[in-house]
Every structure is written in C-alpha cells, then in structure tokens.
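Written below as structure tokens is the structure these notes are about.
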Amino acid sequence: MRPSSRSPPRRHHRQSPSLSSIHPPDNNDPDSQDQSQDCRPSTSAPDRHTEDAYEALVTELVKAKESKKWTVSASKRAAYTLQGLARLTMRFHGPYIAVSQAVPIGFLLYTTPQAETSGKHNQILEECPEADRTAYKKLFCWLLDSAPFLRPFLPLFVENCLDVTLLGEFVDFHARQGRSADINTLKKHVHLKLLLSPPLPPSSQRDATSNFYNTTNDVFTDFRDHWGFYNRRTARLLVPYSLLENFEEDPDTILDQVLSGALVFDHMCLPSFLYQEDLRVSQAEDITDGLLLSSFLMVAYRCVFEGPSAVAKAPGLKGNGRASISRKHGIVSVKPENIAYIACLVHFTLGTCDKWDQQNSAVFDGATFFKNIVKFFTNQTFSEKVLAAYTSLVYGDRAKKAENQQGHRMAPNDTARVLELFANSASMGSPAADALPSNLTGAT
C-alpha cells in the first residue's frame, strides 16, 4: 500500500496532471497528428503486472522522500537499482547539470516530440535554452537505457506527471551524492599522492627555483583557505598552461596579481593540470600538444573510477576493498564526458571554495568549462589519442578483452551439438554395434 499522503493507485482512477495539461495538443497542427511512434510510449493500457510494479516503484520513491534521506535499503527493489544508477548521472553528463529539471523536461521531450518544436507555446520549455533541452533529452534517454525497467512505465508516467517530478528529485539527490563522494575521494587521496611531490621546473630553471616549494605559504593543510592561489603547489596546477613558464620564473608576481584581482583566470583558460607535465609551451608544437594527457588528471580519473588503492597498481588491476565504480557498473571504456567531469572536480578540489554551490560562476563558469572540454573530442585525431591513453592506463587488458568480445565472430558451438546428438540417441536407444566405426569393432 502507498503512504497515506498519496492518492489511490492508477487502476483505481488516480488523477494527476497529464502531458495534455502541460502541453495541450493542437488539433490543427499536422505535426501533432502524425507523430513518430518510436519515441512515444505505447498507447495500449499497461497490464496488471506493470501497474503493480509501477506502484511499487513510486511507493518506494515516496517513502524515500518522506524519510528525508532519499535512501532505499531493500536491495531487491527497482528503486534500489535506480538509486545506484543515479549516482552515475553526473559522471556521464557533467557535474553542473540540473538533474531535477533534466528528468521531467527530458521526459516531456522524449514522450511528446512536438513539444520541442512548439516550445514557445509551452511554459516549461520557454525558459529552457535549446542546448539544455538537448542535454536533458540525452540524459533521459541514457536513464532509460541504463534502467530499462522504466520503459514499460512511460504510459503511466504520462498519466501521472507528478511522479516524473518525484523521479527527477530522487535521481538528482543520488547524482549529487555521487558527485560529493567523488570530490571527497579526490580531497583525501589525490593531493596526498601528487601535490606533495609535484614535478620540478625544467632543468634550466631548477637552480634559480630550488626553493620554489620551500616557502611558508607552501604548507599543505586541510584548510581550504590555504589552497588555490594561496598555495604554490595548487597554484602551479591552476595557473593557465600558457602562463606556466612565467609562473615558474616569478610565481610571487602572478600570485599577487591573482589575489588582488588584477589578473583573472576564467573558464576559457586551460589550467596546467590538464597538460602533460614534462611539456612547456615553448617546447610544444602547439597548445593542443599534451592536452588532457596530464598524469595528475589520469590518476585522478583512476582514483575515482577504479578506487584510490588501484592507483599504485598496474593498469587494469583492481584495488582493495569493495568493488569500484567501474567494476560495479561494468565500465571498461572512457568517454569524453568522464574526463571532462574529472577535470571539473579537480579544478574545484584544488580551489579554496568549501562548498560546491558557493562557486562564483561569474568568474569561472564550470558548466562552460565542462562543455569546452567535451568539444575538444570532436576532433577525431585528438579524441582517439586521448581516449586510448586513458583506456589503456585505467582499464588495461580489461578494455581489450571487452573489445574483442564485441568484435569477434563466434566459432560453432560444437559442445552443444554433441550434447544434442547424445540426447537424441538416448531417446532412440543405444546404437547398434555395426553402426560403430570398424576401427572400434575390430572388423577387418
């Protein structure tokens, strides 16, 4: 039974806003009369089993919301599976996406194709930029692919749009929980492994900067106001790559300019932590050389997706303790969005901001930073090079095995044929002796 705060089940004619009340169809619009059935939910009435499963899912979501913890503990429930998948949402769609809006708007665009072309008549879509609509629809399609048990529920969600809002709130909560867990992982492990031993400047500058890191403002503490550009270790990683050599020659000047507000690094700058450590602008062919191939960024990626204990091991080897994100969800390849997601988290982790919501988007728009990195992968040569490097480091032979399994042609199943023949011969009785080969019967 559902909690008393909800109305009776749908099969008892529960009423709630439907898509028609959100976006009334235009009977004079030919597009609304000839719609693709591929992306719309079936018009046939769901069977009793589907309705019961739907009611069970929504009941679990309501209980989770009323507990104020949004947690489902029963592992055999569909909501429990959805809870785990929801933690992947930002890892594949960016840490800045508004999931609570993306789910209902993506649902509307998915189930009502004409809504996208008639957005000016729809209050919900009117204030949603076209780029966000695309991202929201992509997220909702990903959710359906990741949790296929939701597909049969689409007709019921159409009739009960308040439940779609509830679904969005549930996925949003656990998506943010996943992001928080990843940030905490980076705070606890990555800086201890890398920031305490950052790469030295080029040999030509080492004598002049032998005390580069041995200053009072270089003491790395747990206080975030000692990070960012208040600390030379973190500042060196945050300074734009194009200014890295200037920073290494005269760090104090750049630090003073940044802290005074005279020099601003916004989301269009590319921080040095994105670049291969042994390259400098003067040595690189162009600014794309070494981009996203930073060992710091790669280790951060592996720390999040494979677990901190896997960082010190050979590629593809699992870490200690419970299953990592990759192993739990069967991830054996790297997506551009995954790398961009880690880059955003690293940038936040290195800064002085204590809380995610306190970031000043007027100075550094993280959402744009994420989208810019994803755009880099539209260049095929660059994309293949970077993705291959990450996949090899993070997943090793596991990625190759998965690729082989997807690309190879299976040989005939001889074992199944033999067992089938045995079963048939047994039903017909034992074969006669004269049916056996002569070399086994002793015949000459």
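Cross-linked pairs LYS335/LYS385; LYS318/LYS385; LYS335/LYS371; LYS188/LYS355: Cα-Cα separations exceed 20 Å for LYS318/LYS385. Taking all protein chains into account, the per residue accessible area for region 86-167 stands at 39 Å² (1.4 Å probe). For region 60-165, applying the loop criterion from DSSP together with a ceiling of 10 other beta carbons within 10 Å to the trypsin sites (Lys or Arg not before Pro) yields LYS68, LYS69, LYS76. Heavy atoms only, probe 1.4 Å: what % of the accessible area of region 263-325 goes to carbon and sulfur, would you let me know? Using a 1.4 Å probe with all protein chains present, region 263-325 comes out at 56 percent carbon and sulfur.
THR89 sits among other residues whose Cβ lies under 10 Å from its own Cβ, and their net charge, with Lys and Arg +1 and Asp and Glu -1, is +3. Using the Cβ-Cβ distance between GLU126 and VAL418 with R0 set to 60 Å, the FRET efficiency from 1/(1 + (r/R0)^6) comes to roughly 0.35.
Near VAL103: Cβ cut-off under 15 Å, other residues only, Lys/Arg at +1 and Asp/Glu at -1. The net charge is +2. Kirkwood radius and radius of gyration were both taken over the C-alpha atoms of region 48-159, and their ratio Rg/Rh is 0.98. Accessible area of ASP256 (1.4 Å probe, protein heavy atoms only, ligands and nucleic acids ignored): about 100 Å².
The values are calculated or read from the model by the stated rules, or taken from the named source; none is laboratory data. Computed from a predicted structure; not experimentally measured. FYI the Cβ positions are ideal-geometry reconstructions off the backbone, even for glycines, and counts take in every protein chain you see. These accessible areas exclude ligands, DNA and RNA; they are computed on the full protein's heavy atoms, side chains included. Shrake-Rupley method; radii C 1.70, N 1.55, O 1.52, S 1.80 Å.
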